[in-house]
Amino acid sequence: MADYLNFAIETAKQAGKILLDNYGKIKNLEYNTRQHFTTRVDQESDELIRKRIKENFPDHNIYSEEDADLNKGHEFSWVIDPLDGTIPYVYGITDHFGVCIALVKNKIPIVGVIYAPKRDELYYAEKGKGAFCNNKPIKTSLEKTISHAIMGLDPGKETSYFKRAVLGRYMEKVYSPKGISCAVCSGCASVPLCLVASGKLHAYMALSLEPWDMAAAVVINMEAGAKVTNIHGKEWNILDKSILVSNSILHEKLIDILNK
Ligand code: IPD
Ligand code: CA
Ligand code: CA
């Protein structure tokens, strides 16, 4: 079998260098909708990743946030976000941004790499082989007490009134008297998801993500011992918009709180 993991690691490192070399230098934002923008760095990183995939695995499909789907009908798909966390990246709010590369076999993520270059953290996992950060094994936390739990909360870039109202209702539940201690939000999905895998955060939830925001982090979390479902507690599927990831000990309690 080809060494997909090392290919994804090397590709993420090269793309991450583009992010770092341009950090703090972005002047022009291209708004593709009224509120959402992309930058030349999203494009440059995307071009590099695509080029490498096409050179090395010309028969594979590619699904990326930044370009049209390339569907070749193969069982292997590369699902990529060349820059996740564009807002923190452009505005320098946090170091939560990075490159996400997943290899998905028949809708199941089997390889995941997330490189957060400003944090100098390279997370990776291959199905059945454990999860790692900078070559050291990582595990989810042992927190048992829901009122002590710190959760990454991703409100998403929702513009519809209806979806914002739904988010508000979930927030009330999260902060109900039986809820968690604190929810933190960083404008990036992949890095907080990796922080659950490495035991720093105890859980993470989002209502409206895309496959490239989640696929790599899902393998990394599953290999680190996390429980990964959608917000209703059903096993996570690549077409789900919502995701709930926890250290597994807290999962049932979180599902109860969120769905009562
Ligand atoms: C965004 C981030 C963010 C999430 C948004 C995504 P981008 O990705 O993952 O956390 O809330 O919905 O679009 O645009 O920075 O790649
Ligand atoms: Ca993203
Ligand atoms: Ca992106």
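With the simple model of a label 7 Å out from the Cα in the direction of the Cβ, Asp59 to Asp256 spans 5.0 nm.
Pairs of Cα atoms under 8 Å, at least six residues apart: use those to get the relative contact order of the chain, whole percent. Intermediate values should be presented prior to the final figure.
Values: 582 pairs, mean separation 45.9, N = 260.
Result for the chain is 18 percent.
What ranking of Ser248, Ser190 emerges when the number of other C-beta atoms within 10 Å of each C-beta is taken as an exposure proxy, fewest first?
Values: Ser248 16, Ser190 28.
Going from least to most buried by this count: Ser248, Ser190.
Each peptide in 237-244, 83-90, 174-181 was scored by the mean count of other Cβ atoms within 10 Å over its residues; highest first, the order is 83-90, 237-244, 174-181. Which lysines, on any chain, are close to Lys27 with Cα under 23 Å apart, when same-chain ones fewer than 8 places away are left out? Counting by Cα, and skipping residues close in sequence, Lys27 has these lysines nearby: Lys17, Lys118, Lys157.
Remark: Arg169, Arg50 ranked as Arg169, Arg50, counting other beta-carbon atoms within 10 Å and listing the fewest first. For the chain, adding -39500 (n - 2.57) for each run of n ≥ 4 DSSP H residues and dividing by the number of residues yields -10000 deg cm²/dmol at 222 nm.
Legend: translational diffusion of the range 31-87 by Stokes-Einstein, Rh = Kirkwood radius over C-alpha pairs, 10 °C, 1.306 mPa s; D = 131 µm²/s.
Relative contact order of the range 146-258: 29 percent, from C-alpha pairs under 8 Å at least 6 residues apart in sequence.
Charges were assigned to the Cβ only: +1 to each Lys and Arg, -1 to each Asp and Glu. The resulting dipole of the chain about its Cα centre is roughly 720 debye. With bins 10 Å wide beginning at 0, the percent of Cα pairs of the range 146-258 falling in each bin runs 15, 53, 30, 2. Where both residues lie in the chain, what percent of DSSP beta bridges are antiparallel, nearest 5? Bridges in the chain are about 75 percent antiparallel. When the charge dipole of the range 2-137 is built from unit charges on Cβ atoms (+1 for Lys and Arg, -1 for Asp and Glu) and taken about the Cα centre, the candidate among Ala131, Ala116, His36 whose Cα reaches farthest toward its positive end is Ala131. For the range 1-123, pairs of C-alpha atoms spaced more than 18 angstrom apart make up 49 percent of the total. For the range 152-164, 3J(HN,Hα) computed residue by residue from phi via the Karplus equation (6.51, -1.76, 1.60; θ = phi - 60°) reads x, 10, 10, x, x, 9, 6, 10, 6, 4, 4, 5, 5 Hz, glycine and proline entered as x.
Taking amide H atoms as placed 1.01 Å from N in the peptide plane, the amide H of Glu121 lies under 5 Å from those of Ala116, each 5 or more residues away in sequence or on another chain. May I ask you to list the lysines whose Cα is less than 19 Å away from that of Lys139, ignoring any residue fewer than eight positions away on the same chain? Reachable lysines: Lys127, Lys129, Lys200, Lys227.
Where a number appears in this text, it was derived from the coordinates with a stated rule and is not lab data. This one's a predicted model, so the numbers in the text were calculated from it and none came from an experiment. Cβ: placed from backbone, ideal geometry, glycine included. Neighbour counts: every protein chain shown.
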